[in-house]
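Colleague: First, the structure itself, so that you have it in front of you.
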Amino acid sequence: KLDGIDVSFSGESNTLIVRNIDQPGCITEVAASLSEEDIDIATMQVFRDKKGGCAVMVVETDQVVSRDALDRLEGKEGIVNVTFLNVNGSIEEK
């Protein structure tokens with residue numbers, strides 16, 4: 001569970017965890033931001049507690065998401081917090 005929401009991911013790939021408000025456009029913002037950085041999405045899952053409530057995106061990526069990209073993501077409307085888990089063992093949290 002993350003923020004009271006059941007989530008799951010493999011842990012075998014680089015993983016971006018995005019906590020956001022459940023509102024239109026958040027998924028698009030994350031996907032577009034990663035695309036601008038030439039980061040390929042391997043898998044994406046979205047979980048929420050209720051319509052319009054809290055949501056969590058779990059995005060497994062083929063590449064590492066840079067600190068700058070994390071900063072830009074966190075500045076997007078509706079994004080509350082971003083965390084990146086690097087398969088090499090480091091964790092970047094904003």
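The values are calculated or read from the model by the stated rules, or taken from the named source; none is laboratory data. Here the structure is a predicted model, which means the values were calculated and not measured. Here the Cβ positions follow ideal geometry from the backbone for every residue, glycine too, while neighbour counts run over all protein chains shown.
Colleague: Working carefully through the options ARG72, ARG48, find the one that is of a type outside the set (S, T, N, Q) and either under 22 Å from ASN86 (Cβ atoms) or modelled with pLDDT of 95 or more (or both).
Modeller: ARG72
Colleague: Output the strands (runs of 3 or more DSSP E) that fall wholly within region 1-84 and possess 1 or more residues being out of contact with any Gly (no Cβ under 6 Å at 6 or more places or on another chain), basic (Lys, Arg) and surrounded by 14 or more Cβ atoms within 10 Å (Cβ to Cβ), or say none. Explain how you work it out, then say what you get.
Modeller: Values: elements: 14-21, 41-48, 54-61.
It comes to 14-21, 41-48.
Colleague: A further question on this structure: List, please: which pairs have Cβ atoms under 6 Å, are six or more places apart or on different chains, and start with a residue in region 1-18 that is within 16 Å of ASP40 (Cβ to Cβ) and end with one that is part of a loop (DSSP other than H, G, I, E, B)?
Modeller: Matching pairs, first to second residue: ASN14/VAL64; ASN14/ASN86; ASN14/VAL87; THR15/PHE9; LEU16/VAL65.
Colleague: While we're here: Being over 17 Å from CYS26 (Cα atoms) and in contact with a Lys or Arg (Cβ under 9 Å, 6 or more places away or on another chain) is the filter here, so list the residues in region 43-69 that pass it.
Modeller: ARG67
Colleague: If I ask for residues that are under 22 Å from PRO24 (Cβ atoms) and of a type outside the set (D, E, K, R), which ones from region 70-85 would you list?
Modeller: Within region 70-85, LEU73, GLY75, GLY78, ILE79, VAL80, ASN81, VAL82 meet the criteria.
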